[in-house]
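The values are calculated or read from the model by the stated rules, or taken from the named source; none is laboratory data. In this text, all values refer to a predicted model and were calculated from it rather than measured experimentally. When we count neighbours, we look across all protein chains shown, and the Cβ atoms used for this are built from the backbone with ideal geometry, even at glycine.
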Amino acid sequence: MIAVFLVVVFGVLFGIHFYLWKRLVKDTTTRGRARLLGTLGMVAMVLLIVSGLTFGRLARPDAARWIAWPAYLWLATMFYLLVILAVLEIPRLVLRFTWVRRAQVAEEPVPVEEPALVPATESAASAPPAGASTAPPTEPSTGPPAAGSPAAGSPAAGSPAAGRPARAADPGRRLLLARGMAIAAGATSVATVGYGVSQAMGGPRLDRVTIPLAKLPRQLDGLRIALVSDIHLGPLLGRSHTRRIVDMINGVGADLVAVVGDLVDGSVAELGPAAEPLADLESKHGSFFVTGNHEYFSGYAEWIDEVDSLGLRVLQNERVEIEGLDLAGVNDVTGGSYRHAPDFDKALGDRDPARPVVLLAHQPIQVTEAAKHGVDLQLSGHTHGGQIQPFGALVRLEQPVVSGLDTVDGTKIYVTNGAGFWGPPVRVGAPPQVSVVELRAIQ
């Protein structure tokens with residue numbers, strides 16, 4: 001299964017690079033050194049991404065970042081080049097069709113009208129009056145045409161058919177068109193990725209959202225939950241990233257802190273020191289954690305112990321009571337492949353249905369099962385808000401909610417964009433985020 005997956009991934013990767021080579025190299029150059037250099041450059045980009053996806057995951061984070069940075073930046077640039085060039089295929093086809101049609105019209109022969117035959121009676125009636133001089137009839141010439149006169153059967157000078165050389169200009173037009181579109185796509189892609197890097201590396205913004213809950217007791221009105229997800233410690237994000245998030249949360253003065261998965265992309269041995277600032281989180285009712293899918297790729301059992309040692313309570317299909325509020329947490333759906341599956345019955349069974357319950361679950365898709373268990377509010381992450389638009393459109397095919405507040409089957413769900421990133425250090429249309437969720441009692 002893994003072999004098939006790798007074949008598909010690398011097959012798609014090579015196919016994309018072949019398309020980019022055709023549009024950016026072959027179509028914009030003639031045979032020679034420029035095309036050779038462009039081809040070698042595209043091959044180097046393929047090898048760069050392959051190295052980043054393999055060596056970047058096998059090496060230690062401090063060593064992997066040297067290959068991860070250029071590889072992931074090209075991955076993002078490649079994505080936008082593909083999207084922009086695909087969109088430009090439409091005007092490209094329209095222009096090519098227009099040019100071909102004009103060339104065909106220019107080559108169409110102009111019909112020559114034959115002189116009309118005049119009947120004899122009409123000829124006599126139209127004879128000149130007596131005394132008028134008449135020129136002797138001329139015999140048709142059987143010799144070669146005079147110099148400069150059109151040959152028989154050939155188009156007259158200035159006729160559309162004489163414009164055959166217009167087709168010869170087509171290769172030049174095509175080259176100009178290809179170069180113009182390549183420059184436009186390249187400039188737009190680089191500018192977009194540059195903006196995305198500044199957003200991803202500039203630190204998360206603090207967003208606030210107010211969510212009314214019908215069952216929330218009045219003494220809990222205004223309860224504030226600092227919500228963060230997808231911190232993604234790894235080759236490109238380290239201890240300073242964690243410290244910045246902790247300082248932001250502590251500045252809010254939240255009643256409780258919820259970290260809803262995807263904390264790391266590496267083992268405890270590699271990233272334990274980067275996660276240590278989490279021990280400094282401050283809140284009235286404590287800090288809580290649930291697993292995300294990336295914890296299972298990084299040694300989930302060790303990370304559960306590590307997070308617990310930092311003072312965060314890991315909710316593994318369980319719940320706690322906080323002054324009339326049930327706070328529950330379930331494992332990520334990926335845990336099903338590691339004998340650590342989510343168990344909603346265990347986390348939400350045998351509870352007082354009159355009490356409101358807030359569920360921490362990494363993936364928004366888990367809200368479907370949460371709604372069956374009467375959950376009032378689910379807090380999730382995982383989607384990164386799409387991270388790189390228009391990629392968010394594909395995320396919507398898998399997850400019911402990509403970002404923000406929504407309602408699914410009667411259960412409210414709030415999805416935060418996450419504070420980090422996965423893969424390219426780029427965020428476009430989905431800024432990194434730490435959320436403050438304020439619960440309000442409905443009077």
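Before moving on, here are some points about what is shown:
- Matching entry among Gln389, Gln316 (being within 30 Å of Leu82 (Cβ to Cβ) and touching a residue at least 24 places away in the same chain (Cβ under 8 Å)): Gln389
For (1) over 17 Å from Gly410 (Cβ atoms); (2) modelled with pLDDT under 95; (3) out of contact with any helix residue (DSSP H, G or I) (no Cβ under 6 Å at 6 or more places or on another chain); (4) among the charged types (D, E, K, R), each residue gets a yes or a no:
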| site | (1), (2), (3), (4) |
| --- | --- |
| Ser287 | yes, no, yes, no |
| Tyr296 | yes, no, no, no |
| Trp303 | yes, no, no, no |
| Asn317 | yes, no, no, no |
| Val320 | yes, no, yes, no |
| Phe344 | no, no, no, no |
| Pro353 | no, yes, yes, no |
| Ala361 | no, no, yes, no |
| Val367 | no, no, yes, no |
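- Within region 278-309, tally of residues that are among the β-branched types (Val, Ile, Thr) and surrounded by fewer than 17 Cβ atoms within 10 Å (Cβ to Cβ): 0
- Scanning region 419-439 turns up no residue that is exposed (fewer than 15 other Cβ atoms within 10 Å of the Cβ), in the same structural domain as Leu220 (by TED's automatic domain parsing), within 23 Å of Glu323 (Cβ to Cβ) and of a type in the set (Gly, Ala, Ser).
- Only one entry of Gly423, Gly418 meets the criterion of being out of contact with any strand residue (DSSP E or B) (no Cβ under 7 Å at 6 or more places or on another chain) and either part of a strand (DSSP E or B) or touching a residue at least 12 places away in the same chain (Cβ under 8 Å) (or both), and that entry is Gly423.
- Residue list for region 216-233, filter: in a loop (DSSP other than H, G, I, E, B), surrounded by 17 or more Cβ atoms within 10 Å (Cβ to Cβ) and either touching a Lys or Arg at 6+ places or on another chain (Cβ under 9 Å) or not assigned by TED's automatic domain parsing to the domain that holds Ser287 (or both): Leu216
- Test: Gly404 is in the same structural domain as Pro431 (by TED's automatic domain parsing), modelled with pLDDT of 95 or more and surrounded by 21 or more Cβ atoms within 10 Å (Cβ to Cβ): no
- When residues in region 247-265 are screened for being under 19 Å from Ala200 (Cβ atoms) and surrounded by fewer than 23 Cβ atoms within 10 Å (Cβ to Cβ), 2 of them pass.
- Output for region 320-357, where each listed residue is crowded, with 19+ Cβ neighbours inside 10 Å and farther than 20 Å from Asp262 by Cα: Leu325, Asp326, Ala347, Leu348, Pro356, Val357
- Residue within region 236-259 that is in contact with a His (Cβ under 7 Å, 6 or more places away or on another chain) and not assigned by TED's automatic domain parsing to the domain that holds Ala63 present: yes
- Residues that are in contact with a His (Cβ under 6 Å, 6 or more places away or on another chain), under 23 Å from Glu438 (Cα atoms) and of a type outside the set (Gly, Ala, Ser) occur at least once in region 308-330.
- Residue in region 62-72 that is outside the structural domain of Leu271 (by TED's automatic domain parsing) and in contact with a His (Cβ under 8 Å, 6 or more places away or on another chain) present: no
- Within region 207-221, tally of residues that are under 34 Å from the mean Cα position of the chain (by Cα) and not polar (S, T, N, Q): 5
- Residue within region 388-399 that is part of a loop (DSSP other than H, G, I, E, B), within 28 Å of the chain's Cα centre (by Cα) and among the hydrophobic types (A, V, I, L, M, F, W, C) present: yes
- Subset of region 377-401 [among the β-branched types (Val, Ile, Thr) and over 20 Å from Leu206 (Cβ atoms)]: Ile388, Val395, Val401
- Residue within region 379-390 that is touching a Gly at 6+ places or on another chain (Cβ under 9 Å), β-branched (Val, Ile, Thr) and surrounded by 21 or more Cβ atoms within 10 Å (Cβ to Cβ) present: yes
- Applying a threshold of 9 Å to beta carbon distances and a minimum spacing of six or more residues, or different chains, the list of pairs starting in region 285-303 at a residue that is assigned by TED's automatic domain parsing to the domain that holds Ile225 and without any contact (Cβ under 8 Å) to a residue 40 or more places away in the chain and ending at one that is buried (at least 17 other Cβ atoms within 10 Å of the Cβ) and among the hydroxyl-bearing types (Ser, Thr, Tyr) reads Glu295/Thr334; Phe297/Thr334.
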